[in-house]
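Chemist: The structure that follows is given in the form of structure tokens.
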Amino acid sequence: MFSEQSFRLDGKIAFVTGASYGIGFALASGFAMYGATIVFNDINAELVEKGLAAYREAGIPAKGYVCDVTDEGQIRETVARIEKEVGPIDILVNNAGIIKRTPMIEMSVEDFRKVIDVDLNAPFIVSKAVLPSMIKRNSGKIINICSMMSELGRETVSAYAAAKGGLKMLTKNIASEYGEHNIQCNGIGPGYIETPQTAPLRTSDHPFNKFIISKTPAGRWGTTDDLMGPAVFLASSASDFVNGHILYVDGGILAYIGKQPAND
Ligand code: NAP
Ligand code: GCO
């Protein structure tokens with residue numbers, strides 16, 4: 001029955017990948033505000049220590065694990081450790097991701113494969129490791145961090161768009177295959193958000209900066225705060241009948257043809 005408690009996450013354990021900083025850190029912080037226990041990983045000890053310090057500063061008693069999300073052995077071991085040391089994972093956010101901006105015909109196959117590995121293969125690997133326990137408990141939430149590039153292409157991001165387009169369909173497939181076990185798998189598609197990943201695009205002299213602002217009805221870049229409420233909703237029982245949906249949090253980019261350039 002819906003109530004004001006429906007958005008609460010008390011007693012839930014949330015595992016957010018790649019969450020030492022950036023979007024992952026923000027989503028985990030939002031979950032903590034609503035009562036969740038936070039577990040995260042990152043690719044090296046330095047980043048995990050950086051993340052632990054940031055969570056401590058925010059008053060969040062998070063636990064951090066060092067592992068590479070593309071390595072199935074490391075992921076299986078880490079999930080087993082989390083379930084032993086903290087408890088069963090109720091909420092999984094496949095957030096860890098990379099991007100390589102190179103014209104496609106100049107991109108090496110190795111670089112293309114690396115982006116696909118982190119941004120698409122890893123969400124498969126981590127979800128595959130977490131789902132059996134969710135099935136046993138007949139309950140679970142998986143949130144995949146998609147992108148504008150799940151729907152749109154642009155120059156230099158062929159590998160990233162291919163991965164994020166695939167992640168949209170992996171999200172729908174997990175929803176289809178495991179929905180009968182009261183598991184909801186949805187995506188969040190952030191627009192253009194101010195994080196280290198987009199920092200190169202936000203320099204004052206970069207034409208992309210003005211371009212994005214002209215393409216966004218909200219007339220601004222998004223912040224990680226803009227993503228926290230949608231993530232809490234998808235992690236909570238308030239969204240128990242939302243499944244296979246990609247929630248675009250983009251200030252309206254996907255709805256908008258773009259502002260007409262001023263007559264110079
Ligand atoms: P970010 O600042 O680059 O953070 C990504 C995190 O994932 C970093 O901590 C990164 O570690 C970690 N990571 C990368 N590869 C990993 C691996 N193999 N194993 C474990 N951790 C790994 O990115 P962000 O901007 O916060 O984006 C987070 C997610 O949102 C990504 O999936 C991204 O594609 C997506 N997204 C971002 C935007 C945006 O505008 N920023 C918009 C839409 C979607 P390192 O520091 O070592 O790389
Ligand atoms: C880019 C940006 C985008 C954002 C995001 C948009 O180079 O176009 O990095 O890909 O990161 O994915 O939703």
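The values are calculated or read from the model by the stated rules, or taken from the named source; none is laboratory data. The structure displayed is predicted, hence computed values, not measured ones. Cβ sites come from the backbone with ideal geometry, for glycine too, and all protein chains shown count toward neighbours. We work out accessible area using only protein heavy atoms, side chains counted, and drop any ligands, DNA or RNA first. Shrake-Rupley method; radii C 1.70, N 1.55, O 1.52, S 1.80 Å.
Chemist: At a Förster radius of 25 Å, what calculated FRET efficiency corresponds to the Cβ-Cβ distance of ASP225 and GLN5, to the nearest 0.05?
Modeler: 0.60
Chemist: Mean shadow of segment 174-263, computed from the convex hull of its alpha carbons, in nm²?
Modeler: 7.3
Chemist: Could you give the size of the charge dipole of segment 63-158 about its Cα centre, using +1 on the Cβ of each K and R and -1 on the Cβ of each D and E, expressed in debye and rounded to the nearest 20?
Modeler: 400
Chemist: Under a point-charge model restricted to the Cβ atoms of Lys and Arg (+1) and Asp and Glu (-1), what is the dipole moment magnitude of segment 148-264 relative to its Cα centre, in debye to the nearest 20?
Modeler: 280
Chemist: Using the heavy atoms of the protein chains alone and a 1.4 angstrom probe, what is the accessible area of the chain per residue in square angstrom?
Modeler: Ligands and nucleic acids excluded, the figure is 48 Å² per residue.
Chemist: With unit charges on the beta carbon (Lys/Arg positive, Asp/Glu negative), name the residue among GLY97, ALA45, VAL79 whose Cα is farthest towards the positive pole of the charge dipole of segment 1-138.
Modeler: Selected residue: VAL79.
Chemist: Another question, if that's okay. Give the cross-link partners of LYS141 among the lysines, using a straight C-alpha distance below 23 Å as the criterion and excluding same-chain residues fewer than 8 apart.
Modeler: LYS12, LYS63, LYS84, LYS128, LYS164, LYS168, LYS172
Chemist: Then there's this: Kindly list the residues of segment 148-163 that lie in the label zone of SER214, defined by a backbone N under 18 Å from the point 7 Å along the Cα-to-C-beta vector.
Modeler: 154-155
Chemist: Here is a further query. Rounded to the nearest 10 Å², what accessible area does ARG220 have for a 1.4 Å probe in the complete protein model?
Modeler: Here the residue's solvent-accessible area equals roughly 110 Å².
Chemist: Using 0.36 nm per residue, how much length does the chain from GLN260 to GLU77 gain when fully extended, once their Cα-Cα distance is taken away?
Modeler: This chain segment gains 60.6 nm when fully extended.
Chemist: Would you compute, from DSSP H runs of 4+ residues alone, the mean residue ellipticity of the chain at 222 nm, taking -39500 (n - 2.57) per run and dividing by the full residue count, rounded to the nearest 500?
Modeler: Value at 222 nm, helices only: -12500 deg cm²/dmol.
Chemist: If LYS215, LYS141, LYS84 are ordered by their accessible area, calculated over protein heavy atoms with a 1.4 Å probe, which sequence runs from highest to lowest?
Modeler: These residues rank, largest area first, as LYS84, LYS215, LYS141.
Chemist: Another question, if that's okay. Quick one: with all protein chains in place, what share of the accessible area of segment 66-191 is carbon or sulfur, to the nearest percent (1.4 Å probe)?
Modeler: For segment 66-191, the apolar C and S fraction of the accessible surface comes to 51 percent.
Chemist: With a 10 Å radius around each residue's Cβ, average the other Cβ atoms per peptide and rank 155-166, 17-28, 45-56, highest first.
Modeler: Averaged packing, sorted descending, gives the order 17-28, 155-166, 45-56.
Chemist: How large is the translational diffusion coefficient of the chain in µm² per second when you combine the Kirkwood radius over alpha carbon pairs with Stokes-Einstein at 4 °C and 1.567 mPa s?
Modeler: In µm²/s, the coefficient is 69.
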